[in-house]
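To start, the structure itself, in structure tokens.
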Amino acid sequence: MKRELKKRQPKFECTVFLDRTHGKALGTLLRRVGFDVKSIFTVYPRRKHESTSDPTWIARCGEEGWIAITGDKRLETNVENKQAVIDAKCKVFLFTDSNSLPEEWAAAVIVGRQKILDIIRQNDGPFFVTIGKQSNSHVVRLRFPKMEEEVIAVPEGV
């Protein structure tokens, strides 16, 4: 049953790179719905990820054409990281926080996948984009059912 579902999932057109922020759990969730995911743990295995600097993996993302998804805001604020993004023409999507559960971020990425693709198609990079998660979903307009009052016919002349 699981394989059947996986076959029907549409493929995401590009490869996503996940850094240390949510790499393992988020990667698993995104792969299940058709994303091609590389995490820092698989690209730099056997603890190499621990000594891999941000500019190193940023450059790799640029070389490979991967988009980076992270919760690390230092990519945009740290001078060395920002320069690495510029040099690599990297496309970076930043979560608004790194404290939320990977399941919450997976939902935000999955729901926003078309918008993400539109941005990637229209912009060569380098760029930063913020991914947020809001509670305004497609659940709208609470209604309570009411039974129509029965109309009782009164016979004429009564």
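Scan the stretch 48-96 residue by residue and report those that are within 21 Å of residue 118 (Cβ to Cβ) and basic (Lys, Arg).
Correct list: 89, 91.
Tell me, please, whether a residue that is small (Gly, Ala, Ser) and surrounded by 17 or more Cβ atoms within 10 Å (Cβ to Cβ) can be found in the stretch 35-46.
Yes: one or more hits.
Say we look at the stretch 31-78 and pick out the residues that are within 17 Å of the chain's Cα centre (by Cα) and acidic (Asp, Glu); which of these is farthest from residue 101 (Cα to Cα)?
Of everything passing the filter in the stretch 31-78, 36 is farthest from residue 101 (Cα to Cα).
Rundown of residues vs (1) at pLDDT 90 or above; (2) over 16 Å from residue 15 (Cα atoms), yes/no style:
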position: 67; (1), (2): yes, no
position: 74; (1), (2): yes, yes
position: 95; (1), (2): yes, yes
position: 110; (1), (2): yes, no
position: 121; (1), (2): yes, no
position: 128; (1), (2): yes, yes
position: 135; (1), (2): no, yes
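When residues of the stretch 82-92 are filtered for being surrounded by fewer than 20 Cβ atoms within 10 Å (Cβ to Cβ) and of a type outside the set (D, E, K, R), how many remain? Reasoning before the result, please.
Looking only at the stretch 82-92, we keep the residues that are surrounded by fewer than 20 Cβ atoms within 10 Å (Cβ to Cβ), and these are 82-83, 86-87, 89.
The next check asks that each one be of a type outside the set (D, E, K, R); those that pass are 83, 86.
Looking only at that region, the number is 2.
The values are calculated or read from the model by the stated rules, or taken from the named source; none is laboratory data. Everything quoted here is computed from the prediction, not taken from an experiment. Counting neighbours? That spans all protein chains shown, and the Cβs are built from the backbone with ideal geometry, glycine included.
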